Amino acid sequence: MIEAIGGADVNTALRGHFAAATALWGERPDLPTYINGWARRATLVTRLQELLGGDRLLLTPVCAEPAFEQDADITDPKRALELYPAMWPMTSIPVLGFPAVTVPARLEDGLPYGVQLVGGRFEEDLVLDAAQAVEDRAALPPLWA
């Protein structure tokens with residue numbers, strides 16, 4: 001469906017994601033790898049929930065490298081393969097099922113730098129309230145100015 005209705009950039013990004021996943025996991029992970037992945041996920045969910053409880057937040061970077069140039073993931077396939085693994089902070093949390101939000105924190109050389117706030121399961125209100133507090137204090141120019 002995405003290939004049928006998505007634009008060229010979306011399809012390029014999608015192919016990049018699949019190439020990165022193939023580089024990390026192989027063409028088709030075998031059944032033991034798949035089962036171990038689900039077991040590892042369950043362990044991570046349990047440990048992160050124990051850490052966060054219902055009243056704590058985890059502050060993480062958005063990406064494991066500084067902000068990168070616009071369209072880097074769709075203009076250079078080699079660069080895309082470098083970027084996908086670096087984006088683990090914002091791609092791994094949704095897989096675990098925790099509420100998270102990315103908030104802009106500052107601009108440097110015209111590139112946005114943000115933080116990600118992660119809360120315990122079903123603590124969306126806490127995450128959103130904290131995100132609003134960060135955004136209010138970031139003192140960034142309006143997005144649509």
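The values are calculated or read from the model by the stated rules, or taken from the named source; none is laboratory data. The structure presented is a predicted model; accordingly, all values stated were derived computationally and were not measured. Cβ atoms come from the backbone with ideal geometry, glycine included; neighbour counts cover every protein chain shown. All accessible areas refer to the heavy atoms of the entire protein, side chains included, with ligands and DNA or RNA removed. Shrake-Rupley method; radii C 1.70, N 1.55, O 1.52, S 1.80 Å.
Count of the stretch 26-65 residues, restricted to those that are open to solvent by 80 Å² or more (accessible area, probe 1.4 Å), within 30 Å of Q132 (Cβ to Cβ) and without any contact (Cβ under 8 Å) to a residue 40 or more places away in the chain, is 3.
Across the stretch 48-81, what is the total count of residues that are under 18 Å from P99 (Cβ atoms) and more than 17 Å from the chain's Cα centre (by Cα)? First the steps, then the outcome.
The first filter runs over the stretch 48-81 and keeps only residues under 18 Å from P99 (Cβ atoms), leaving 48-62.
Going one step further and asking which of them are more than 17 Å from the chain's Cα centre (by Cα), we end up with 49-56.
Looking only at that region, the number is 8.
Of the set (1) among the aliphatic types (A, V, I, L, M); (2) assigned to a helix (DSSP H, G or I); (3) at pLDDT 85 or above, all apply to L24 but (3).
Figure legend. Inter-residue proximity from the stretch 126-145: first residues within 17 Å of L58 (Cβ to Cβ), second residues modelled with pLDDT of 85 or more and open to solvent by 100 Å² or more (accessible area, probe 1.4 Å), beta-carbon distance below 8 Å, spacing 6+ or different chains. Indicated pairs: L126/D55.
Considering only residues in the stretch 106-130 that are closer than 23 Å to P66 by Cα and out of contact with any strand residue (DSSP E or B) (no Cβ under 6 Å at 6 or more places or on another chain), the one that is most open to solvent (accessible area, probe 1.4 Å) turns out to be D109.
Whether any residue in the stretch 90-98 is over 16 Å from the mean Cα position of the chain (by Cα), surrounded by 13 or more Cβ atoms within 10 Å (Cβ to Cβ) and either modelled with pLDDT of 80 or more or of a type in the set (A, V, I, L, M, F, W, C) (or both) is what I want to check. Walk me through how you get there before you give the answer.
First, pick out the residues of the stretch 90-98 that are over 16 Å from the mean Cα position of the chain (by Cα): none.
Within the stretch 90-98 (the criterion being over 16 Å from the mean Cα position of the chain (by Cα), surrounded by 13 or more Cβ atoms within 10 Å (Cβ to Cβ) and either modelled with pLDDT of 80 or more or of a type in the set (A, V, I, L, M, F, W, C) (or both)), the answer is no, since none of the residues qualifies.
The one condition from (1) outside any helix (DSSP H, G or I); (2) in contact with a His (Cβ under 8 Å, 6 or more places away or on another chain) that F98 does not meet is (2). In the stretch 108-125, the count of residues that are part of a helix (DSSP H, G or I), modelled with pLDDT under 85 and aliphatic (A, V, I, L, M) is zero.
Summed over the stretch 66-87, the residues that are at pLDDT 85 or above and surrounded by fewer than 13 Cβ atoms within 10 Å (Cβ to Cβ) give a count of 0.
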